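No value in this document is a laboratory result; all are computed from the given coordinates. Just so it is clear, the model here is predicted, and its values are computed rather than measured. Cβ sites come from the backbone with ideal geometry, for glycine too, and all protein chains shown count toward neighbours.
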Amino acid sequence: MKKIENVSRRGFLKKLGISSTALVLGVQLPSMLTIPKALAGSLATDKFAPNVYVQIGTDNIVSIVVHRSEMGQGIRTSIPMIVADELGADWEKIDIVQGLGDKKYGSQNTDGSRSVRRFYQPLREAGASARMMLQQAAANRWHVDVSETKADNNFIIHETSGRQLSFGSLVPAASKMALPEASALILKAKQDFKFIGKSDVALVDGEKIATGATVFGFDVELDNMQYAVIARPPVLAAKVKSFNADAAKAINGVVDIVQLADLEEPAVFKPLGGVAVIATNTWAAIKGREALDVQWHESEHQVYNSDTYKEALAKGCDNPAKVLRSKGDVAKALSDAKQVLKASYYVPELIHVPMEPPAATAHYHDGIFDIWACTQTPQSAQGTVAQITGVAAENINVNVTLLGGGFGRKSKPDFVVEAAILSKQLNVPIKVLWTREDEIRNGYYHAASYQKLAAGIDERGQVSAWQHHVAEPPIGATFSKGADLIGSEASLGLIDMPYDIANVRCAIGKAPAHTRIGWMRSVTNINHAFAVCSFADELANAKHQDSKAHLLTLIGKDRKIDFSTENAEYSNYGETLDKFPVETARMKAVIEKASDMAKWGRKLPKGHGLGIAMHRSFVSYVACVVEVSENSDGKIKVHDVWMAVDCGLAVNPERIRSQMEGAAIFGLSLTFFSELTANNGVIEQSNFDGYQIARYSDAPTTHVEIIASDAAPGGVGEPGVPPIAPAICNAIFNATGKRYRELPLKQYGIV
């Protein structure tokens, strides 16, 4: 890999505007299906520059734009792998250019496990188009049929004679050609892939990250830059009553105090308000904030107390406001059942805690914003800054730095807007830094969830009824004040319960939000999979059956499930069921693979237990088996996690394994340690001493197997998380006979 660079929009356009010395391909990704029919005759024109994804220069260097955000998932490796493979590029002669926020790239919102899933085909087409044009240019020069040529390592080769021409030497001729029609594109066969599906492609940023040579949001430094930290309201929507500006300004290094506009709900992506302390260094800004002594008006959200809120959620389950899936007659089936099993599950409010809290730097000058941020959504940042500051979006350049983790938090650009507001008002470059305490007390939260399930077992020992009631505050409340029923979250493990049961009812109860609710890694799949996969195991125990065998029986025969036949509006992660069907055969295959890996059914040491869970999310399938043990003090240790993943075609296997390993640690943290509580609307935790995550000593050995598949690539970043918690709890039951239905498990003194 030659180099990686971040450039401004103007710099990138300038780089691409070298007349006929470069070949630029515009990929019209808003549709995510088509490629423009013709290239610009000259790079001096603007027509195709905003859509640029591939550039080939006469110096034989291939530049590939990565339009998604890198936060450890390896997307700055995977996207170039896709393009380079179809192009026939030399991996050592590739420049990676980080794309700025620009709608011409299509969606840049790097969440929802969509980067490869949504862009695999368009990026292959971009690479194939370039290759075919270069091949045609070479064929024309040699006066041979194009079918006699191939591309390899930045050369077009005439297979019969062995003659070859570099990509760079063909640029002038190729740049004058019309782009091939989409229907005429010839994509590589799977057996010819050089990068896609290979595990030997090194992480592009790996060495530089390890040696501190990369730039994260916190690392940005500009001339004359000032630093800002903000005292934000401790309770959502509380307004500033008073503060001591003089005391803050007395701190050496503090240069200004700015009161921000109070938040008017809905919160959306707007700043929370409060008082900003501007200083010449971070420490002075923090000490100045401590001296502010801000007093706050009351907020309607001061009624939020975790204990009473939990009770209210439970009551919401008893009186559901809306039925989302209905099949058969659940009430009658439960009444007629030989045995009825009931269980309630609770997951507390959670927060992302990425290694790097939010940070953004903004420089307003000459009517233009230049912004650098560790953002998952440069377009949302651009649009929200435009909306709040009044500066036109085309005059807002959002540069994406590396992200020290994201998990969904950095897809909300409130922190970017804060920096922009302050820079515009003060007319200097401003870096806004969130401390860990800020991130935990003032972030976007994963909703607390209460769930009540009931199942009937008939005379034949079959599960005849399944009832699942949920109450959890919706993400929609962040966008519409007063919203109290979940929407699309219901498609994340609730209404898509895949078991073959004759009578099914899924319903939701009302739950008002008192914090900003957002999406976290795997979203409400965390809650719903915990309940569904745990309850399936409880049914196995009630029927005195092996957990794995019973799970396979519950799933039933091989079939494709269409939940609309059961009155459910299933979103399928924004994908069609034609392209990404819900397939029980794939569910069973990952169960079999994970259980084989763990040698399910083997004799275990005393005090040990195995647990199993399977969940489909983000159109991928993951099963995991966990082994735990209980020591003489009643403490639980997780020893091994075996994960089998079917994510369709595996573009970057090494990154897929890393994502599953990371998901195991993430899920372990949520299972044992992580919990937020509120008292009078104030989040009580502030750092890792209160909001715990797994430490190195807690980490299990994680084993990952990827199911070979020719299906379209599915999501990878999130699907590993949901089955972890239920698999652990199922394993604990197997080892100890104790069933835990509320997280985190630290409350029981077992860790």
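The table below lists the values:
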item	result
GluC sites (Glu not before Pro) within segment 405-471: DSSP coil, no more than 12 neighbouring Cβ in 10 Å	Glu459
Sparse-neighbourhood loop sites, trypsin sites (Lys or Arg not before Pro) in segment 321-389 - DSSP loop, at most 12 other Cβ within 10 angstrom	Lys338
For the chain, share of DSSP beta bridges that run antiparallel, in % to the nearest 5	70
Relative contact order (%) - the chain, alpha-carbon pairs under 8 angstrom, separation at least six	13
Label point at Asp633 placed 7 Å out along Cα→Cβ; residues across segment 725-751 whose backbone nitrogen lies under 14 Å	749-751
Cα gyration tensor shape of segment 505-569, rounded if a/c is under 1.5, else prolate or oblate by comparing a/b with b/c	prolate
Global form of segment 439-505, assessed from the alpha-carbon gyration tensor, a/c cut-off 1.5	prolate
Global form of segment 199-304, assessed from the alpha-carbon gyration tensor, a/c cut-off 1.5	oblate
Efficiency of FRET between Arg460 and Val303 - r from beta-carbon atoms, R0 30 angstrom, step 0.05	0.05
Lys/Arg +1, Asp/Glu -1 at C-beta; the chain dipole; positive extreme among Ala471, Leu185, Ala594	Leu185
Neighbourhood net charge (12 Å Cβ-Cβ; Lys/Arg +1, Asp/Glu -1) for Leu433	-3
Distance (nanometres) between label positions extended 7 Å along Cα→Cβ at Gln191 and Thr701	3.7
Helix-only [θ]222 nm of the chain, DSSP H runs n ≥ 4, -39500 (n - 2.57) each, per residue, nearest 500	-8500 deg cm²/dmol
FRET efficiency for Ala708 and Thr280, using Cβ-Cβ distance with R0 set to 60 Å, rounded to 0.05	0.60
Burial ordering of Ser620, Ser147, fewest other beta-carbon atoms within 10 Å first	Ser147, Ser620
Alpha-carbon Rg with Dmax, taken over segment 257-313, Å	15.6, 48
Residue-wise HN-Hα coupling along segment 512-519, computed from phi with Karplus coefficients 6.51, -1.76, 1.60 (Hz; x: Gly, Pro)	x, 9, 10, 9, 6, 8, x, 10
Trypsin sites (Lys or Arg not before Pro) within segment 182-221: DSSP coil, no more than 16 neighbouring Cβ in 10 Å	Lys198
Highest average packing first - 674-683, 529-538, Cβ atoms within 10 Å	529-538, 674-683
Sequence ranges 636-648, 345-357, 385-397, ranked by mean other-Cβ count within 10 angstrom, highest first	636-648, 345-357, 385-397
Other-chain or far-sequence residues with amide H under 5 Å of Val582's (modelled H)	Ile561
Zone residues, segment 716-732, relative to Ala585, backbone N less than 15 Å from point 7 Å out along Cα-to-Cβ	none
Sorted largest first, extent of segment 59-167 alpha carbons per principal axis (Å)	48, 22, 20
Whole-Hz ³J(HN,Hα) from phi, Karplus 6.51 cos²θ - 1.76 cosθ + 1.60, for segment 485-491, glycine and proline x	10, 5, x, 5, 4, 5, 7
Under 14 Å, Cβ to Cβ, from Lys190 - net charge with Lys/Arg +1 and Asp/Glu -1	0
Exposure proxy ranking, count of Cβ atoms within 10 Å, fewest first, for Ser491, Ser380, Ser571, Ser183	Ser183, Ser571, Ser380, Ser491
Members of Lys249/Lys287; Lys104/Lys194; Lys270/Lys424; Lys543/Lys635 lying beyond 19 Å, as alpha-carbon distances in this model show	Lys104/Lys194; Lys543/Lys635
Spin-label pair Ala213/Ala250, simplified geometry with 7 Å Cα→Cβ offset, distance in nm	4.9
